[in-house]
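The values are calculated or read from the model by the stated rules, or taken from the named source; none is laboratory data. What you are looking at is a predicted structure, and each value in this text was computed from that prediction instead of being measured. FYI the Cβ positions are ideal-geometry reconstructions off the backbone, even for glycines, and counts take in every protein chain you see. Surface areas here come from the heavy atoms of the whole protein model, side chains and all, with no ligands, DNA or RNA. Shrake-Rupley method; radii C 1.70, N 1.55, O 1.52, S 1.80 Å.
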Amino acid sequence: MIMMGHFALLVFLAFASMQLLCIAADHDAAIFYDSFEEPFNGRWIVSDKDDYKGIWEHSKSEGHDDYGLLVTEKARKYAIVKELEEPVNLRDGTTVLQYEARFQNGLECGGAYLKYLRPQEAGWKPKEFDNGSPYSIMFGPDICGLTNKVHFILKQKNPKSGEYVEHHLIDPPRVPSDKLSHVYTAILKPDNEISILIDGEVKKKGNFLAAQDFDPPIIPDKTIPDPNEKKPEDWDDRVRIPDPNAVKPDDWDENAPMEIEDMEAVKPEGWLDDEPEEIDDPEATKPEDWDDEEDGVWEAPKIDNPKCQTAPGCGEWKRPMKRNPAFKGIWNPPLVDNPNYKGIWKPRDIPNPNYFELDKPYFDPIAAIGIEIWTMQEGILFDNILIAKDENVAESYRDTTWKPKFVVEKEKQKAEEEAAGSDDLGGFQKKVFDVLYKFADIPFLSKYKLQILDFIEKAEEQPNLTIGVLVSIVVVILTAIFMLIFSGKKQQPRVEKKTEVAADTSNDQGSSGEKPAEEEKEEEKENETGGAAPRQRRRDT
């Protein structure tokens, strides 16, 4: 037993030691890593340039105890840089660039990308870091207006011309549109493959040397159009031309109007020629504090003339316009094939003087990491910036630093969306009930009014029954329509009888039709079944 206990202890210690070695190996494999758990002052250098007034803050990520680097103000430029202990050679094996960014106030208009800077010999200083500082790679999310992309830009020196050219990854992924923490990863492989990951999922793959993946292509075209060649003056590239032999017909009237008065139109009977379409509001009164000298002569606001609502029209009647059958428009000769057509002209191709070949892109080494952005929103948080040579190391960091936060944020978002969805459903149900109450007042449904009202009130008390209630009411309405169509003659005497009852009660109720009689029956029914309802029903309002 003692031997077994010692053996188990040795196995446990061995397993624990392996775990510690794996963790240590991950940290050793990280060329650079900053979790921002410690204040950035003294480690990161804020630019002294006048344009960059944005204040950086060492702040917790909202809802977590995890710290990050926070953008604190709107409509500001920000610039901050961290020099690496040793430059990173991107031409040597795989390189992984990874970091987290969170738009805590949602996506509006702001960038959250990083710039991986060339050595200072390229002509920049940390205290003077700005948008002109030379970088090798720019990577990360950017959104504003029509721009919505996770940039990947390689800035490479053309070995022929000596100029640095920006090469943009074509069709980069879009930025996630939420307030959650997201981790952005760029994997540069020795076989020239580039992969962009968001939250560990590959969103874009490309090849640095493929012309269809970068704009402009990293390897230029072998030939280009001759810039010195010009199209000859006698070159005719018109496929069709106006027929030179065509003649405008004698009866073609270019001056005929497109529309003419409809002389067959007749003014409708009852047209009120002397009534204006709008009149002064008779209920409007001049404000007591109105001063004619300061405010001008007071005029009552206009309203639609009520007399015009029942008439076919008001004011001066004018004949309507109709299309003029004689209208032909401007005459143009018909088109015919051009006998002198020579085709579309283009300059001849010549060898591209700036053409070169590469086995892999010319990556300048990375000597520093900079954040240089202009943003119209605050609350952008940067965290867990990593450079590594092994994509498994980046995956390990995602699992341990990003994923636990993301899971918590996702659950919180889900709960908020469910709560908001419930509120929206409640508002939708209220609108449905309002429409159904109006249905109950339609005259031809009066026979079924009490039944419809009962259905609605049950649904209000138990919202989960709403769909069933809608189906029931639709059945009632269809039944009423069916009865109205096929039993109209039998229903006529009953309608006349109700009209007589309504006439007898019109002086007391101030209403015409069946509603007062139905309300009396409803009150009698409630009294027989135990009195008034425990709450005011909408049928009583």
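Between residue 299 and residue 94, the modelled label-to-label distance comes to 7.8 nm, taking each label 7 Å out from Cα in the direction of the beta carbon.
Couplings 3J(HN,Hα) for the range 270-285, derived from phi with the Karplus relation 6.51 cos²θ - 1.76 cosθ + 1.60 (θ = phi - 60°), are x, 5, 9, 5, 8, 9, x, 5, 10, 10, 5, 5, x, 8, 6, 10 Hz, where x marks Gly and Pro. Separation of the range 275-353 and the range 143-214, taken as the distance between their Cα centroids, equals 49 angstrom.
Hey, which of these cross-link pairs are over 24 Å Cα-Cα: 49/160; 60/403; 125/403; 222/342? Pairs exceeding the cut-off: 49/160; 125/403; 222/342.
Please give the charge dipole size of the range 271-317, origin at the Cα centre, charges +1 on K and R Cβ atoms and -1 on D and E Cβ atoms. Round to the nearest 20 debye. Please report the intermediate quantities before stating the final value.
Details: 3 positive and 18 negative charges, 94 e Å.
Computed about the Cα centre, the dipole is about 460 debye.
What order, most packed first, do the peptides 92-104, 143-155 have when packing is the mean number of other Cβ atoms within 10 Å of each residue? Walk me through the intermediate numbers first.
Numbers: 92-104: 22.2, 143-155: 17.1.
Packing order, densest peptide first, comes out as 92-104, 143-155.
Computed on protein heavy atoms with a 1.4 Å probe, the accessible areas place 53, 77 in the order 53, 77, largest first. Residue 238 exposes around 120 Å² of accessible area when a 1.4 Å probe is run over every protein chain in place. Protection proxy ranking for 221-231, 270-280, 113-123, 370-380, using the average of other Cβ atoms within 10 Å per residue and placing the highest first: 370-380, 113-123, 270-280, 221-231. Under 5 Å between amide hydrogens, built in the peptide plane, is the criterion, and for residue 167 it picks out 154, 155, 156 among residues at least 5 positions away or on other chains. Projecting label points 7 angstrom from Cα along Cα→Cβ for residue 307 and residue 278 puts them 1.8 nm apart. Working note: Karplus 6.51/-1.76/1.60 with θ = phi - 60° gives the range 167-181 the couplings 10, 9, 5, 7, 6, x, x, 7, 7, x, 9, 7, 9, 8, 6 Hz, where Gly and Pro are set to x. Entry for the range 179-257 at q = 0.12, 0.18, 0.28 Å⁻¹: log10 I(q)/I(0) = -0.67, -0.95, -1.27, Debye formula applied to identical alpha-carbon scatterers, no solvent contribution.
Taking label points 7 Å from Cα along the Cα-to-Cβ direction, residue 408 and residue 290 give a separation of 6.4 nm. Peptide packing: for 56-65, 248-257, the average count of neighbouring Cβ atoms within 10 Å per residue gives the ranking 56-65, 248-257, highest mean first.
Whole-Hz Karplus values for the range 81-95 come out as 9, 10, 7, 7, 5, 9, x, 9, 8, 7, 8, 9, x, 7, 10 Hz, taken residue by residue from phi with 6.51 cos²θ - 1.76 cosθ + 1.60 and θ = phi - 60°; glycine and proline positions read x.
The smallest convex shape that holds all Cα atoms of the range 61-207, its convex hull, gives 152 Å³ per residue. At the listed q of 0.21 Å⁻¹, the Debye profile of the range 247-389, built from one uniform point per Cα, gives log10 I(q)/I(0) equal to -1.31. The accessible area of residue 37, taken with all protein chains in place and a 1.4 Å probe, comes to roughly 80 Å². Convert 10 °C to kelvin, take the viscosity as 1.306 mPa s, use the Kirkwood radius over C-alpha pairs of the range 61-110 as Rh, and evaluate the Stokes-Einstein diffusion coefficient in µm²/s, rounded to a whole number. Answer, rounded: 108 µm²/s. On the principal axes of its alpha-carbon atoms, the range 271-317 has extents of 41, 19, 10 Å, going from largest to smallest.
Measuring only protein heavy atoms, the 1.4 Å probe finds residue 263 accessible over about 130 Å².
Amide H contacts of residue 336 (H built 1.01 Å from N, in plane; Pro and chain starts excluded): 241, 243 sit under 5 Å, all sequence-distant by 5 or more or on other chains. What pairs in 189/360; 204/412; 157/346; 82/405 have C-alpha atoms more than 19 Å from each other? Listed pairs above 19 Å: 204/412; 157/346; 82/405.
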